[in-house]
1. Could you please give the count of residues in segment 60-118 that are under 30 Å from residue 44 (Cα atoms) and aromatic (Phe, Trp, Tyr)?
2. Of these, 82, 76, which one is in contact with a strand residue (DSSP E or B) (Cβ under 9 Å, 6 or more places away or on another chain), assigned to a helix (DSSP H, G or I) and within 25 Å of residue 3 (Cα to Cα)?
3. Taking the stated definitions as given, is residue 64 modelled with pLDDT under 95 and open to solvent by less than 50 Å² (accessible area, probe 1.4 Å)?
4. Would you pick out the residues in segment 85-110 that are hydroxyl-bearing (Ser, Thr, Tyr) and outside any helix (DSSP H, G or I)?
5. Looking at 86, 5 in this structure, which one is open to solvent by 40 Å² or more (accessible area, probe 1.4 Å) and modelled with pLDDT under 95?
Amino acid sequence: MRGFGDLEAVLMDRLWDRDVDTTTVRELFDELATERDIAYTTVMSTMDNLHRKGWLARERAGRAYRYWPTVTREEHSARLMHEALGVGGRSDLVLNYFVDRISDDEFAGLRAALRRVATRRTEAS
């Protein structure tokens, strides 16, 4: 798994930030066109690529498609973190460097998450 390309990241951020469940190419294009010089076909092909890669699902709505993300932003971030542990050298050192750099609030959140996971694993055993 890899991160997104520049435009893919912009589109995924827009989709994750939306208050609606599904979006058309036209709707995203209209938003982006107010901020940058971009072609409709560029947005369309990028969304099609994201669909082929499994990041977006879609359904036909008339002549167009309605798209939605297949994972949340948080799930994507967790996958990237997991990948980094696998390719970043010794995972224990990667974790040590990571923990040394997070804030006190993030550290507290990490401890709480570890407690929840430990409890679930104990209950599942």
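1. 3
2. 76
3. Against the criterion (modelled with pLDDT under 95 and open to solvent by less than 50 Å² (accessible area, probe 1.4 Å)), residue 64 qualifies.
4. 103 - this is the single residue of segment 85-110 that is hydroxyl-bearing (Ser, Thr, Tyr) and outside any helix (DSSP H, G or I).
5. 86
The values are calculated or read from the model by the stated rules, or taken from the named source; none is laboratory data. Everything numeric in this text was worked out from a predicted model, so none of it was measured. Note that we place each Cβ from the backbone using ideal geometry, even for glycine, and neighbour counts take in every protein chain shown. Just so you know, the surface numbers come from the protein's heavy atoms only, side chains and all, with ligands and any DNA or RNA stripped out. Shrake-Rupley method; radii C 1.70, N 1.55, O 1.52, S 1.80 Å.
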